[in-house]
Amino acid sequence: MTEFVVTASQRHSNGSMKALTVALRSLLRYLCIAGVVERDLSVSVPAVASRPLTTLPKGVDASVVAALLDC
């Protein structure tokens, strides 16, 4: 599961990956409840890391930050 999620995360956005992992967990839970698999494999699907501040805050212009760093 981890390899699948990591590989898919290289091709898809963070939001898409969150949706994909939710759908995958739901499918795996259903397969367990339906008796298709013996164990609940949904616990093996890793969480998608969320990096909320990977860019500058909207109120700070990049030129202002550059000027502050040059001091």
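The largest accessible area among Val48, Val64 belongs to the first residue in Val64, Val48, and the rest follow in falling order (1.4 Å probe, all chains). Scanning the chain for trypsin sites (Lys or Arg not before Pro) that sit in a DSSP loop and have at most 15 other Cβ atoms within 10 Å, the longest stretch containing none of them is 12-38.
On the accessible surface of the range 1-49, probed at 1.4 Å, how many percent belong to carbon and sulfur atoms? Carbon with sulfur: 60 percent of the solvent-accessible area.
Sequence gap at least 6, Cα distance under 8 Å: using those rules, report the relative contact order of the chain to the nearest whole percent.
32
Surface analysis of the chain yields an accessible area of 79 Å² per residue, using protein heavy atoms and a 1.4 Å probe. For the pair Leu27 and Met1, the difference between a 0.36 nm per residue extended length and the Cα-Cα distance amounts to 8.1 nm.
How long is the gain from Asp70 to Ala8 if the chain were fully straight, where each residue apart is worth 0.36 nm and the alpha carbon distance is subtracted?
Values: separation 62, 0.36 × 62 = 22.32 nm, distance 3.91 nm.
In short, 18.4 nm is gained.
Give the dimensionless ratio obtained when the Cα radius of gyration of the chain is divided by 2.2 N^0.38 Å. Intermediate values should be presented prior to the final figure.
On the way: Rg = 19.3 Å, N = 71, 2.2 N^0.38 = 11.1 Å.
The reported ratio for this selection is 1.74.
Is there a quick way to get the dipole size of the chain? I mean about its Cα centre, with the Cβ of Lys and Arg at +1 and of Asp and Glu at -1; what is the value in debye to the nearest 20? My answer is approximately 220 debye.
The values are calculated or read from the model by the stated rules, or taken from the named source; none is laboratory data. Treat the numbers as computed from the prediction; the structure is a model and nothing was measured. Ideal geometry is used to build each Cβ from the backbone, glycine not excepted, and the neighbour counts take in all protein chains shown. Protein only, heavy atoms only, side chains kept; ligands, DNA and RNA dropped before computing areas. Shrake-Rupley method; radii C 1.70, N 1.55, O 1.52, S 1.80 Å.
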